[in-house]
1. Regarding Gly61, is this residue surrounded by fewer than 14 Cβ atoms within 10 Å (Cβ to Cβ), within 21 Å of Asn127 (Cα to Cα) and either at pLDDT 90 or above or out of contact with any Leu (no Cβ under 7 Å at 6 or more places or on another chain) (or both)?
2. Quick check on the stretch 75-125: of everything there that is in contact with a strand residue (DSSP E or B) (Cβ under 8 Å, 6 or more places away or on another chain) and among the basic types (Lys, Arg), which residue is farthest from Tyr63 (Cα to Cα)?
3. From Arg71, Arg94, Arg32, Arg28, grab the single residue that is touching a residue at least 24 places away in the same chain (Cβ under 8 Å) and among the basic types (Lys, Arg).
4. Give the residues of the stretch 97-119 that are in contact (Cβ under 8 Å) with a residue 24 or more places away in the chain, closer than 18 Å to Met38 by Cβ and surrounded by fewer than 14 Cβ atoms within 10 Å (Cβ to Cβ), sorted by residue number.
5. Could you check, for the stretch 42-55, whether at least one of its residues is free of Cβ contacts under 8 Å to residues at least 24 places away in the same chain and more than 13 Å from the chain's Cα centre (by Cα)?
6. Given the criterion surrounded by 10 or more Cβ atoms within 10 Å (Cβ to Cβ), of a type in the set (Val, Ile, Thr), free of Cβ contacts under 8 Å to residues at least 12 places away in the same chain and farther than 16 Å from Cys126 by Cβ, identify the matching residue among Ile9, Ile17.
Amino acid sequence: MRKNAFTLIELMLVVIIIGVLSAMVMPRLVGRSEQARMAAAGADINGNIAIALDMFQLDTGEYPEKLEDLRQNPGRDAWKGPYLKKDPKDPWGRQYKYELVSSGAEGEYKLCSDGADEADSGDDLCNE
């Protein structure tokens, strides 16, 4: 009577093949999470938050003094917000740094994230 089952050698071959495949794939995946966070911060800075800031500027005639003004009316009659549903935080859980560089109809702003290390270094992302 013969039973259908895997032999020990077959099981060992499968384990070895899985080990070899994971040894080839894992080094490529390591470090991708940090790249994904950087891409998400860039998308916020140049996309989502930038659009909200531009909508605020179109409605009120100038950029806000602070990012919180995108969610709460700073006392302007022309405000049609909220322009964001929640407080914008970077992928590392910290507030984006916002600075109004010049006010008025042609105003400019600086929007940045310090990246993973919370310091001015090579991983900082800004709209400039």
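The values are calculated or read from the model by the stated rules, or taken from the named source; none is laboratory data. Note that the structure is a prediction, hence the values are computed from the model and not measured. FYI the Cβ positions are ideal-geometry reconstructions off the backbone, even for glycines, and counts take in every protein chain you see.
1. Taking the combined requirement at face value, the residue satisfies it.
2. Per the criteria, the residue is Arg94.
3. Residue meeting the stated conditions: Arg94.
4. Result: Glu118, single match.
5. Yes, the stretch 42-55 contains a residue that is free of Cβ contacts under 8 Å to residues at least 24 places away in the same chain and more than 13 Å from the chain's Cα centre (by Cα).
6. The match here is Ile17.
So that you can scan it fast, the table gives a plain yes or no per residue for (1) over 19 Å from Cys126 (Cβ atoms); (2) surrounded by 11 or more Cβ atoms within 10 Å (Cβ to Cβ); (3) of a type in the set (Asp, Glu):
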| residue | (1), (2), (3) |
| --- | --- |
| Pro27 | yes, no, no |
| Arg37 | no, yes, no |
| Asp44 | no, yes, yes |
| Asp90 | no, yes, yes |
